[in-house]
Amino acid sequence: MKWYIESTTLVIDFLKTLFKTRLYVTGLDTIPDGPILFVANHFTRFETAIIPYLIHKETGKTPRSLADEVVFVRELGDFLRKIGTISTANPNRDHIILSDLMTGSKNWLIYPEGIMVKNKKIRQQKNYKIFTPQRKGLVHTGAAVLALKAELLKREYQSAKKLGRTKHVKELENDYCFSTQEIDEKPLSIVPISISYFPIFPKDNFLKKVLHKVFSPSLDRHKEEIDIESSMLTNSDINVHFAPPIYVKDFIKTGGKTLSVIQGLSKKSTQVLVDLYKYPLTTRFMNDVYNNIHINLQHLYALILSKTKQKKISREYMCLMVYSLADKLISIEKYRLHPSVMQGVKILFPTTLKDCTDAALRSGILKETDKSSFVLSKKALNNEYDFHTIRLKNILKVQLNELRIFKDVQKTAESLTKKPVTFLKKQAVLTILDKMLLDYEADYKKYYSKKFSKPKQIGSPYFLKAQSKKIGVVLCHGYKASPAEVHLLAKYLNKKGYNVLVPRLKGHGTAPINLKDVTYQDWQESLDEAYAVLRQSCDKVVLVGFSTGGLLSLCCAAQNYVDGIVCVNAALKLNDIRMHYIGAINFWHDLLKIRKNYIDTEPEYPHTNYSRNYLKGVEELSKLMKETDTCAPSVACPALIIQGKKDPIVNPKSGQDIYSMIKSKTKYLYEPDLDHHVIVRGTGHEEVFETIYKFIHTKIN
């Protein structure tokens, strides 16, 4: 049996690598020694292989499990027997399970739902109920019964030995094979397992094609299982959480006394205790199974659709509602949240919810009226379809069913949908602005250096508001710099009547060593936060980026709807040839553990910029340049590209390259005859400012 388990583990490891299956496991540190009965929710066919594999791989414990008699055919049946699986039709199955649990020779895995609950239709009043064509009613108590019996029989056996009841001892030994194996004195526990998936969308994939070719399924249910589950194996995160153990002996109480002091239990009293505790114990461990589900973005999207009273909704409305709900759940710190819920301002961007919106459109839940608005059909959302096709035809209903157990999440969503959109927008703006300031305060305190840190106001993000909310400008500084670098341009644009928000790129405005701890994705997130604020508070948003800020603005414009973009000396290509080798330089520094992984430099404006450049930061800048090469061709909004002809830092060809790469129909290239890099200050900045203003005033207004 061990050889077959280890072989299966190797095969699954190979398939996991081949299909890039993303498997995340938490709670392993709570798994105890001693005999264990694992209980888990059941949504997919492949769980019967994945979960035993995980338990064996991560804990070294090999669980046995039950399988329907119909699968015990030919080679598959032989394989299942060899890895310890027992048929549900085996007349001795309960005796085998009880023996394993009492002796600790094998752990067990049971799915109390008793069937794959494809629709995730589960309700809880006092006890849990499932609703499937095969079974409508209470979740099976078999796992609880076996655990209770195993604990009670163990106590009965120990008591009989202590009292010298030789005949009864022999009966128990013969019934449960105690003659060959000793009772395990370690306490029996039930370990609940929660299995969650995100996203769940049917997509064409290689595995699906292979399985259809190999099995040629004729039944719709089998086609559905291949179509949806192959997508989940190749395109989804699989989150598996092991909840803390429930010790059976501690769960049972009689007359206020724990089981440990009960002596001489009879068969009748054992059955009374089993009947008394089987439902409470089942409810207890199913609570741990269902309440540890990872709540994901699909859950929240479906929940907002179900709670909103609006018949016509927009992409912007859905983004705002899902963002607000995610923010509430994060602040409560009560739920197990999938990373998709933790994306922050990205949820405010329609691209983040595109898969959810597409699923709603396919199911007829949403019908597009124009590019940004939809008509909502609650009837389509609540369509249960056939049990064996609902995962393909209405996955949002499946996710909605799963979330119904979280009553307080339901109430939170309902409360949000009743609030005015203007209120939620203001709340979102304040939340994001607070985060921007708090992040800076924390970084400044953490990285403060008497030698390198500038006064706090130099690095702080700031928001210059205007009387009109018509146009908002996100103005982004460059690499090694700070928000103060672009302050002259910010004041100029604000005086022209524009709202100007200047973010601080993560790692900047504190001390140079801060650059060792950030990535270019962190910089992008800093810009995204500013963009999200203005998207919620202004009619039109223009991105203005200087140097590295220009690259980040291009990437943002490629992913999101913006009304215009201005790139000033965007650092697509640098004059310093050493940039081509920065990855290799950093690698050798790490390999040889050379302490000096920075270069001291003299910036053009020392009072706003770092005078030390860490190689890690330059490597991230190099990665951002490559990312911009990929993103720029998707930029389609009106664009102004400004590039100094004699820029000593950025290769002057960068401006022409960006102009050629973007697909904007309205685009301009302005190349002032200036010989310094920071052209938003110093000689010639007035002409640059006026050019930017004219572009915004004539092409965006």
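Can you tell me which of 276-288, 98-110 comes out highest on packing, and rank the rest after it, using the mean Cβ neighbours within 10 Å? Mind dumping the intermediate values first?
Details: 276-288: 19.0, 98-110: 21.4.
By packing density, highest mean first, the sequence is 98-110, 276-288.
Reducing the stretch 281-323 and the stretch 364-392 to their Cα centroids gives an inter-centroid distance of 16 Å. In the chain, Cα pairs under 8 Å separated by at least six residues give a relative contact order of 10 percent.
Helix 421-447 axis versus longest C-alpha principal axis of the chain: approximately 80°, rounded to the nearest ten. What the Kirkwood sum gives for the stretch 399-558 is a hydrodynamic radius of 17.0 Å, with every pair of different alpha carbons counted. Accessible area per residue for the stretch 100-232 is 46 Å², calculated with a 1.4 Å probe on protein heavy atoms, without ligands, DNA or RNA.
May I ask for the Kirkwood hydrodynamic radius of the stretch 494-581, worked out over all distinct Cα pairs and given in angstroms to one decimal? It would help to have the intermediate numbers written out before the result.
Values: mean 1/r = 0.0706 Å⁻¹.
Hydrodynamic radius (Kirkwood, Cα only) of the stretch 494-581 equals 14.2 Å.
Taking 1.002 mPa s as the viscosity and 20 °C as the temperature, the Stokes-Einstein diffusion coefficient of the stretch 134-220 based on its alpha-carbon Kirkwood radius rounds to 117 µm²/s.
Beyond 20 Å in Cα-Cα separation lie the following of the pairs Lys149/Lys278; Lys309/Lys540; Lys435/Lys540; Lys136/Lys249; Lys480/Lys573; Lys354/Lys465: Lys309/Lys540; Lys435/Lys540; Lys136/Lys249; Lys354/Lys465.
Across the alpha-carbon atoms of the stretch 301-429, the computed radius of gyration and Dmax are 14.2, 44 angstrom. Quick check: Cα centre of the stretch 181-200 to Cα centre of the stretch 134-178, how many Å? With the stretch 181-200 and the stretch 134-178 each reduced to a Cα centre, they are spaced 19 Å. In the context of the full set of protein chains, the stretch 355-438 has a per residue accessible area of 48 Å² (1.4 Å probe). Panel note: the C-alpha atoms of the stretch 475-536, placed on their principal axes, show extents of 38, 25, 13 Å (largest first).
Global dimensions of the stretch 188-243 from alpha-carbon coordinates: Rg and Dmax equal 14.4, 45 Å. Relative to the longest principal axis of the Cα atoms of the chain, the long axis of helix 407-417 lies at roughly 30 degrees.
Carbon-plus-sulfur accessible fraction, the chain (probe radius 1.4 Å, protein heavy atoms only): 53%.
When Lys379, Lys407 are compared by accessible area of protein heavy atoms, the largest-first order is Lys379, Lys407, using a 1.4 Å probe. Exposure check, 1.4 Å probe, all protein chains in place: Arg404 carries approximately 70 Å² of accessible surface.
Between Glu69 and Leu437, the distance separating the two model label sites (each 7 Å from Cα on the Cα→Cβ line) works out to 7.1 nm.
Give me the mean projected area, in nm² to one decimal, of the convex hull enclosing the Cα positions of the chain. Don't jump to the answer; show the numbers that get you there.
On the way: hull surface 148.4 nm².
Orientation-averaged projected area of the Cα hull: 37.1 nm².
Based on Cα atoms of the stretch 378-434, Rg over Rh with Rh as the Kirkwood radius reads 1.16.
In the stretch 271-329, how does Rg compare with the Kirkwood Rh, expressed as the Rg/Rh ratio over alpha carbon atoms? If you can, show how the numbers build up before the last one.
On the way: Rg = 18.8 Å, Rh = 14.4 Å.
When Rh is taken as the Kirkwood radius, the ratio is 1.31.
Relative to the 2.2 N^0.38 Å rule of thumb, the stretch 91-171 has a C-alpha radius of gyration ratio of 1.47. Measuring with a 1.4 angstrom probe and ignoring ligands and nucleic acids, His140 comes out at about 80 Å² accessible.
What is the gain in length, in nm to one decimal, between Glu414 and Asp204 on full extension, counting 0.36 nm per residue of separation less the C-alpha to C-alpha distance?
Details: separation 210, 0.36 × 210 = 75.60 nm, distance 3.53 nm.
That works out to 72.1 nm of additional length.
Distance between the modelled labels on Ile332 and Lys451, one decimal in nanometres: 5.0 nm (7 Å Cα→Cβ projection). Each residue was assigned an accessible area with a 1.4 Å probe, and for Phe206 the value is about 130 Å².
Between the Cα long axis of helix 220-235 and the first principal axis of the chain there is an angle of about 50°, rounded to the nearest 10.
The values are calculated or read from the model by the stated rules, or taken from the named source; none is laboratory data. What you are looking at is a predicted structure, and each value in this text was computed from that prediction instead of being measured. Counting neighbours? That spans all protein chains shown, and the Cβs are built from the backbone with ideal geometry, glycine included. Surface accessibility is based on the protein's heavy atoms, side chains included, excluding ligands, DNA and RNA. Shrake-Rupley method; radii C 1.70, N 1.55, O 1.52, S 1.80 Å.
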